[in-house]
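Data first, discussion second: the structure below is written as structure tokens.
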Amino acid sequence: MTGVQTCALPIYAITVLSVLFRYGHDLGIVENNPLRERVRKLRNREKLPANRPWTVEERKVVLESAPPNLKIPLALAMCTGLRKTDVLSITMSSIVNDVISIRTSKRGVPVKLPLHPVLAEALATRPKVDAVQIALRSDGKPWTSDGFDSAWHRLKCELEAEGKIDKGLTIHG
């Protein structure tokens with residue numbers, strides 16, 4: 001089971017068992033497939049808000065634990081409150097005199113934000129490459145949304161498993 005993230009294990013297990021039962025049923029090994037019908041998810045009794053706020057400790061732990069290529073987009077999200085799409089597409093030319101000026105992608109609203117010291121510290125680690133985007137992968141190329149989500153998910157699951165952060169952390173928190 002290498003490569004399977006522990007926080008996604010229940011869904012993955014149901015998927016694998018469903019495939020195995022279907023295969024066994026087709027071969028006549030089992031009489032019926034108990035997972036033939038869709039399995040209803042159990043309700044989470046501890047209903048967490050969709051984007052709960054990060055604690056000060058979580059912000060510190062995540063930034064200290066993140067590799068440099070992930071630290072910059074996380075610091076951008078944390079210090080600006082911008083959506084992931086904007087965080088991944090914002091360019092170096094958007095920063096002039098310690099002010100970030102962009103037009104948001106969702107509503108087209110112009111936004112000017114001061115450069116937070118935490119973000120400035122993260123930006124100091126950015127590799128000197130020709131890419132115009134601020135947030136870059138370890139190979140110096142811009143993040144894709146899926147690539148960023150995958151890297152963020154891995155880091156988050158590791159920190160949750162180690163008990164360093166609580167469940168329910170999202171980029172928009």
**OP:** Please work out which one of (1) surrounded by 10 or more Cβ atoms within 10 Å (Cβ to Cβ); (2) of a type in the set (Val, Ile, Thr); (3) modelled with pLDDT of 80 or more is the condition Val56 fails and give its number.
**Re:** (1)
Original post:
Is there any pair with a first residue in the stretch 19-30 that is surrounded by 14 or more Cβ atoms within 10 Å (Cβ to Cβ) and a second that is of a type in the set (A, V, I, L, M, F, W, C) whose Cβ atoms are under 6 Å apart and which are 6 or more apart or on different chains, and what are they?
Top reply: Phe21/Leu35; Gly24/Val30
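So how many residues does the stretch 149-163 have that are of a type in the set (D, E, K, R) and surrounded by fewer than 16 Cβ atoms within 10 Å (Cβ to Cβ)?
Start the filter on the stretch 149-163 by keeping residues that are of a type in the set (D, E, K, R), which leaves 149, 154, 156, 158, 160, 162.
Pick out the ones that are also surrounded by fewer than 16 Cβ atoms within 10 Å (Cβ to Cβ) and you get 149, 154, 158, 162.
Qualifying residue count, the stretch 149-163: 4.
Can you tell me which residue in the stretch 128-148 is surrounded by the fewest Cβ atoms within 10 Å (Cβ to Cβ), limited to those that are closer than 16 Å to Pro67 by Cα and in contact (Cβ under 8 Å) with a residue 24 or more places away in the chain? Even if it seems obvious, please write down each step before you answer.
Within the stretch 128-148, the subset closer than 16 Å to Pro67 by Cα is 134-143, 147-148.
Among the residues that remain, those that are also in contact (Cβ under 8 Å) with a residue 24 or more places away in the chain are: 134-138, 142-143, 148.
Values: Ile134: 24, Ala135: 26, Leu136: 20, Arg137: 17, Ser138: 11, Pro142: 16, Trp143: 22, Phe148: 21.
Residue satisfying both the conditions and the ranking: Ser138.
Please find, within the stretch 73-127, the residue that is surrounded by the most Cβ atoms within 10 Å (Cβ to Cβ) out of those that are of a type in the set (Val, Ile, Thr) and without any contact (Cβ under 8 Å) to a residue 12 or more places away in the chain.
Of all residues in the stretch 73-127, those of a type in the set (Val, Ile, Thr) come to 80, 85, 87, 90-91, 95-96, 99-100, 102, 104, 109, 111, 118, 125.
The next check asks that each one be without any contact (Cβ under 8 Å) to a residue 12 or more places away in the chain; those that pass are 96, 109.
Values: Val96: 11, Val109: 9.
Per the criteria, the residue is Val96.
The values are calculated or read from the model by the stated rules, or taken from the named source; none is laboratory data. This is a predicted model, so every value here is computed, not measured. Glycine also receives a Cβ, built like all others from the backbone with ideal geometry; neighbour counts cover every protein chain displayed.
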